[in-house]
Amino acid sequence: MTSQPDRRNLRRAAFAAGAALAVVAVAGAAPGAGAAPQAAKPGVPQLKLIAASKSVTLDRWNWEGEPPGVFLDLGTYVQVENAPLEFKVTRKSYRTPVVAQQILRDGTKVKTKTLPAGLVQDFSGLPGFLEVSVKDAAGKEVVATKGNFCPNNASGRVRPDAPATSHYPQSCPTNPFTLGSVWGVEKGWAANSSTVDYDEPVDLPAGEYTAQVAVAKKYRDLFGIPDERPTIKVTVREQSDGEGGGGAGLRSSSSAHGDHTAHASGGHGAGHHYGPRGADAPTPPALSHALEDRGLAHHLGDGAGHTDGSRIAPALKANAKAPTGRASVPANVPKPDLRSLPAWDIAVTDGEDGDVAGKDYLAFSANVWNAGPAPLVVDGFRSPGEDLMDAYQYFYDADGKQVGYTPTGTMEWDPRVGHEHWHFTDFASYRLLSEDQSKEVRSGKEAFCLANTDAVDYTVKNANWHPYNTDLSTACGEQNSISVREVLDVGSGDTYTQYRPGQSFDITDLPNGTYHIQVIANPANRLQETDLKNNVSLRKVVLGGTPGARTVSVPPVGLIDAP
């Protein structure tokens, strides 16, 4: 079944349209007004909190079966002048804390400033950056909340002489096993500072309110931000099933495809779990405004024009025909380095829409990523009338010129609903191993459509901060395709969620005890890499419970407690 958005995704999409308008408002409201102060120090960014509008209208969602709530997108931005705002965020291993450094650029000079230890704990942004107070018409405070700031959130220019485009990534990673990230805002730009917790909306009844927004003192002191507190008039209007402009259209779309609700880990009976990629659907993380601001976040899943929200990319094109002549892999040519992340999002399910009575399945998410220094480029070529494509891996020199190729297995058309595209058959495999790793249960998932769904480490050499193919509809071809090109770019990974029978592990007859989920990149070693010794990861799980009510507990990996 094609993965479709749950109601939270629909609300994100409706919220996205507002974010897009807010960006335009910032860009249009202040042409020439954001010139850098004369006393600014060279290479040091000057930050200022601004509001795109003096008033906003927010919808209070009231859908059957869900608590009502409002997402506080107040349209506030962090304006950057004098120099770019840039951060490099890394961790050496999963046993060491995250380290965030501010990068200060003054022409050809580059300095680094390490942020206080413990301030940044993951890769999603600066925690507790924004402080929001909402008061009702009588002046009583009804909401007091804090929000994170992802500098990569939707941005807009605040003056016409600012750089035309931003070279920084479009979102802050939320994968629990991210290793490195880059955050940034160009000089003369402003980044949306509003952060929305989609799992915990604020419950504000319909009515009129006043919101005041401020940057937390620790960040004002750290970055020299003036203590300016924009005030925004807030109108909350009631929305329910089938009501409201943009929400209504999205709501009717949801009705056509069914209601997807979350499934609690460790047992049955709490509804179905539609993981972050369903069958082969693009991963919808906690989408930043940059991924939402085109209003397409509801187009999740496969099909023409469907995307993860970042863009609708043109189709990746394979070479016009299969290569001829002798295959060769030049000795010194740059190659990809495929690595696997530990499994996460682990839960016991009943198999979802492929339920088999009395069966228990262990579901999980897995990611294989490319540490570079070269992208993985695989073309498939189909002989007329054949069901398989012959696959070839291509190699390029430092100037981007193709200098070699080698056969690397096959691609097959997957006709199942929720897939319906070409899968590369030699990318990864999953196994459930016994505690001593002597016995295994193999997942039925052995073929993949490659897409750059997750930014795993954008600090590695040659990392591409703007990967070309971020969605499956442009990366994996149609049934009548004669050739396809699939690419895994440097720094990015491809996440698959295994929540379907035949992909998840059948644990019905397995005794309780300790096991390991094994994720293997390039299992047959058919792909040429710089290193074949880092392709395997293990994640310990402990099975318990009784048949029909099995449970799973997942110990942390170092400091990463992500079941």
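The values are calculated or read from the model by the stated rules, or taken from the named source; none is laboratory data. Keep in mind it's a predicted model, so treat the numbers as computed, not measured. Here the Cβ is made from the backbone with ideal geometry for all residues, glycine too, and neighbour counts use every protein chain on show. Just the protein is used for accessible areas: all its heavy atoms, side chains included, with ligands, DNA and RNA removed. Shrake-Rupley method; radii C 1.70, N 1.55, O 1.52, S 1.80 Å.
The figures follow:
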{"quantity": "Within the accessible area of segment 146-194 (1.4 Å probe), percent carbon and sulfur", "calculated": "47"}
{"quantity": "Rounded accessible area of Lys401 (nearest 10 Å², 1.4 Å probe)", "calculated": "130"}
{"quantity": "Accessible area (Å², per residue) of segment 59-174, counting only protein heavy atoms and a probe of 1.4 Å", "calculated": "47"}
{"quantity": "Long-range HN-HN contacts of Ala83 with modeled amide H, under 5 Å", "calculated": "Gln46"}
{"quantity": "Accessible surface of segment 35-140, 1.4 Å probe, proportion on carbon and sulfur as whole %", "calculated": "51"}
{"quantity": "Table column - 3J(HN,Hα) (Hz), segment 488-497, Karplus curve with 6.51, -1.76, 1.60, x for Gly and Pro", "calculated": "10, 7, 5, x, 9, x, 10, 9, 10, 9"}
{"quantity": "Kirkwood-based Rg to Rh ratio, segment 106-165, C-alpha trace", "calculated": "1.13"}
{"quantity": "Virtual spin-label span in nm between Lys401 and Asp561, 7 Å along Cα→Cβ", "calculated": "5.5"}
{"quantity": "Tensor-based shape of segment 96-201 (alpha-carbon gyration tensor, a/c under 1.5 rounded, otherwise prolate or oblate)", "calculated": "oblate"}
{"quantity": "Orientation-averaged projected area, Cα convex hull of segment 149-215 (nm²)", "calculated": "7.0"}
{"quantity": "Karplus (6.51, -1.76, 1.60) ³J(HN,Hα), θ = phi - 60°, over segment 528-534, in Hz, Gly and Pro reported as x", "calculated": "7, 9, 6, 8, 9, 8, 10"}
{"quantity": "Where a label projected 7 Å from the Cα of Tyr468 along Cα→Cβ would reach, residues of segment 375-389 with amide N under 14 Å", "calculated": "375-380"}
{"quantity": "Too-long pairs where the Cα-Cα distance tops 24 Å, listed order kept, from Lys109/Lys218; Lys88/Lys187; Lys111/Lys187; Lys401/Lys533; Lys48/Lys111", "calculated": "Lys109/Lys218; Lys401/Lys533"}
{"quantity": "Contour minus Cα-Cα distance for Glu66 and Ser93 (0.36 nm per residue)", "calculated": "5.8 nm"}
{"quantity": "Mean accessible surface per residue for segment 483-563, computed with a 1.4 Å probe while every protein chain stays in place, in Å²", "calculated": "38"}
